[in-house]
Amino acid sequence: MRILVTGANGFVGSALVAQMCARELAVRCAVRVAGQIDDCADSVAVGGIDAQTNWRVALHDIDVVIHLAARVHVMHESAVDPLAEFQIVNGQGTENLARQAAEMGVKRLVYASSIKVNGEETVNGHVYRETELPVPQDAYGISKWEAEQALHRVSAETGLEVVIVRPPLVYGPGVKGNFAQMLKVLAHGIPLPLASVDNRRSLIYSGNLVDALIACATHPVAAGRTYLVSDGEDISTPELLRSLGKALRRPARLLPFSPALLRSLGRLAGRAGQVERLLGSLQIDSGKIRRELDWKPPFTLQQGLQETAAWYQSKDL
């Protein structure tokens, strides 16, 4: 079996390629611009991703595609029409890849979607499952849901096997965004007004996500399925900060503060979404992939946090 990984030099892609090489799987990397790729893999530069991208060279003699390349959710959006920009890459670009893959005889496409397809938060102990009606709320989540629907259309028309994977927040060596900011704040001993937060969030370590993606690429039962994946150990924001602080050997300095007031301040500062990700809950049930593919995360939450902290300290960020 020969597997093509798109976005192979990204945060998740680099971890996936490294793991596939460790397992001696035949892997080809599709990247935007030619660059450094693991020695075990060959690479093909495909340029930008949209409805016109030519994937044929990259898809030659490929059995399975794991599609990670995407326009990702950004903290400070600058596009005039964010949804249109997300749709070009995540929607049209994904459908174009799938149609070319089917034409080239590819058997299966595994798509890295997002839990944002389900929604932004869970309340009152509710957890997201695959059976629920998707309710994406931002441009990124909408584009991912549209891409999923496009893939199912292509599958129905061509017979291409499609597997959808919806992860929550992914952390691990190389992480960016809010999680990287959290590490920086903890490493510098900055106090945080989050001791009073009472929430639960599902996360997934990059090592667990790539293991799940490989299972979805290789397991015969996965064809046509949608899976929600997580570490399976939900955690509150204060617990997460304390665990990371311990791993960094810099105890978290958490102060009690009203979550309602924090939300109000977040809205005034134009950072309501960022604040809500710290205060709100988002839990998923990853039981389906465990039952159907007999998948178990190879790393515990604590192991994942320890590896992430060790990476951060080694980079001296």
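Brief remarks on what is shown
- Of note, residue 251 does not satisfy the criterion of being buried (at least 17 other Cβ atoms within 10 Å of the Cβ) and either in a helix (DSSP H, G or I) or free of Cβ contacts under 8 Å to residues at least 24 places away in the same chain (or both).
- Of the criteria (1) closer than 18 Å to residue 212 by Cβ; (2) in contact with a strand residue (DSSP E or B) (Cβ under 7 Å, 6 or more places away or on another chain); (3) not charged (D, E, K, R), which one residue 295 fails: (2)
- Total residues in segment 136-168, condition part of a loop (DSSP other than H, G, I, E, B) and either aromatic (Phe, Trp, Tyr) or under 19 Å from the mean Cα position of the chain (by Cα) (or both): 5
- Taking segment 42-117 as the region of interest, the strands (runs of 3 or more DSSP E) fully inside it that hold 1 or more residues being modelled with pLDDT under 95 and touching a Cys at 6+ places or on another chain (Cβ under 8 Å) are 42-45.
- Residue check, residue 277 closer than 25 Å to residue 124 by Cβ and within 18 Å of the chain's Cα centre (by Cα): yes
So that you can scan it fast, the table gives a plain yes or no per residue for (1) hydroxyl-bearing (Ser, Thr, Tyr); (2) farther than 23 Å from residue 227 by Cβ; (3) in contact (Cβ under 8 Å) with a residue 60 or more places away in the chain; (4) touching a Phe, Trp or Tyr at 6+ places or on another chain (Cβ under 6 Å):
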{"site": "128", "(1), (2), (3), (4)": "yes, no, yes, no"}
{"site": "131", "(1), (2), (3), (4)": "yes, no, no, no"}
{"site": "136", "(1), (2), (3), (4)": "no, no, no, yes"}
{"site": "156", "(1), (2), (3), (4)": "no, no, no, no"}
{"site": "173", "(1), (2), (3), (4)": "no, yes, yes, yes"}
{"site": "178", "(1), (2), (3), (4)": "no, yes, yes, no"}
{"site": "183", "(1), (2), (3), (4)": "no, yes, yes, yes"}
{"site": "187", "(1), (2), (3), (4)": "no, yes, yes, no"}
{"site": "193", "(1), (2), (3), (4)": "no, yes, yes, yes"}
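- Close pairs from segment 101-120: first closer than 22 Å to residue 219 by Cα, partner of a type in the set (S, T, N, Q), Cβ under 7 Å, at least 6 apart: 102/158; 111/94
- Just one of the listed residues (314, 264, 243) is out of contact with any Gly (no Cβ under 8 Å at 6 or more places or on another chain), within 28 Å of residue 16 (Cβ to Cβ), at pLDDT below 95 and assigned to a helix (DSSP H, G or I), and it is 314.
- The residue that is nearest to residue 276 (Cα to Cα), counting only those in segment 151-164 that are surrounded by 21 or more Cβ atoms within 10 Å (Cβ to Cβ) and touching a Gly at 6+ places or on another chain (Cβ under 8 Å), is 163.
- Pairs where the first residue, in segment 6-17, is in a helix (DSSP H, G or I) and among the hydroxyl-bearing types (Ser, Thr, Tyr) and the second is modelled with pLDDT under 95 and surrounded by 22 or more Cβ atoms within 10 Å (Cβ to Cβ), C-beta under 8 Å, 6+ apart: 14/8
- Flag: residue 123 does not match the condition of being closer than 22 Å to residue 285 by Cβ, in a strand (DSSP E or B) and out of contact with any Asp or Glu (no Cβ under 6 Å at 6 or more places or on another chain).
- Matching residues in segment 183-206 - criterion: being under 16 Å from residue 305 (Cβ atoms) and crowded, with 20+ Cβ neighbours inside 10 Å: 183, 186, 201, 202, 203, 204, 205, 206
- Among the candidates 215, 187, 180, residue that is among the hydrophobic types (A, V, I, L, M, F, W, C), out of contact with any Pro (no Cβ under 7 Å at 6 or more places or on another chain) and under 28 Å from residue 129 (Cβ atoms): 215
- Within segment 84-135, being of a type in the set (A, V, I, L, M, F, W, C) and either more than 22 Å from residue 168 (Cα to Cα) or over 19 Å from the mean Cα position of the chain (by Cα) (or both) holds for 84, 88, 97, 98, 101, 102, 104, 106, 123, 133.
- Any hit, segment 150-163, residues being small (Gly, Ala, Ser) and over 19 Å from residue 67 (Cβ atoms): no
- Subset of segment 220-240 (residues that are of a type in the set (A, V, I, L, M, F, W, C), surrounded by 17 or more Cβ atoms within 10 Å (Cβ to Cβ) and assigned to a loop (DSSP other than H, G, I, E, B)): 229
The values are calculated or read from the model by the stated rules, or taken from the named source; none is laboratory data. Just so you know, these numbers come straight off a predicted model, no measurement behind them. Cβ atoms come from the backbone with ideal geometry, glycine included; neighbour counts cover every protein chain shown.
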